[in-house]
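> Can you keep this structure in mind? I'll have questions shortly.
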Amino acid sequence: MSHTKRRPGSPYDIPARDIIGRPGTQRFVSETFPAPAVLGTDMIGVPEGAEVRLELSLESVQDGIWVSGTVTAEAVGECGRCLDEVRLTVAAPIQGLFELPGVEREDEEEEPEDVYEFDGETLELEEVVRDAVAEQLPFTPLCEPDCPGLCDQCGARLADDPDHTHEKIDPRWSALQTLDVDEPAQKKES
């Protein structure tokens, strides 16, 4: 494994000039860095400054560099039902071809899904990492798969009080609550 030196700028930029034009040459990259910006969604994501780990294989191919590996980090968010904190370890697979400029494809009309631009010097992995992490995060994170959530009337956490209920009154009868039940009895006595 080799650790690459970074140029100032994004930690997602990996120099790859040393293996260009040498098909079959492979290099391994193992990097840990603080996340420069939130990776994920408003509900859950890897917070800025949290540790992000990249374990990658860079392989020189005819058209550029084939990148495969894993990005690992811890995502933090809130439960979509009870709003408690949720922490998930994300281990997202990464793969794609970083294509050299000027490479002609057989079918120019269809843009392949895992093909990215490559300037011949540096692999810019930010988009790839963001997409990989986002795909691994749940749309609605939950603290527990069967989280009961919050009471829709008072906001009480239902996991703390499983027998929590409110008396439900039919809205058609709600006007009767304002009547004093003892009033008719007092009129009879007078």
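> Could you please find all residues in the stretch 21-54 being of a type in the set (A, V, I, L, M, F, W, C) and crowded, with 16+ Cβ neighbours inside 10 Å?
Of everything in the stretch 21-54, those that are of a type in the set (A, V, I, L, M, F, W, C) and crowded, with 16+ Cβ neighbours inside 10 Å turn out to be VAL29, ALA35, VAL38, LEU39, MET43, ILE44, VAL46, VAL52, LEU54.
> Say we look at the stretch 84-102 and pick out the residues that are under 19 Å from ASP131 (Cα atoms) and over 14 Å from the mean Cα position of the chain (by Cα); which of these is surrounded by the fewest Cβ atoms within 10 Å (Cβ to Cβ)?
Ranking the candidates gives GLN95 first.
> Further, regarding this structure: Does the stretch 54-80 hold any residues that are in contact with a Pro (Cβ under 8 Å, 6 or more places away or on another chain), modelled with pLDDT under 90 and not in a strand (DSSP E or B), and which are they?
Result: GLN62, single match.
> Follow-up. Within the stretch 115-130, how many residues are surrounded by fewer than 14 Cβ atoms within 10 Å (Cβ to Cβ) and free of Cβ contacts under 8 Å to residues at least 60 places away in the same chain?
Matching residues across the stretch 115-130 total 3.
> Considering the stretch 64-83 alone, what residues qualify as being charged (D, E, K, R) and either buried (at least 17 other Cβ atoms within 10 Å of the Cβ) or out of contact with any strand residue (DSSP E or B) (no Cβ under 9 Å at 6 or more places or on another chain) (or both)?
ARG81
The values are calculated or read from the model by the stated rules, or taken from the named source; none is laboratory data. Nothing here was measured: the structure is a model prediction, and the numbers come from that model. We place every Cβ from the backbone using ideal geometry, glycine too, and count neighbours over all the protein chains shown.
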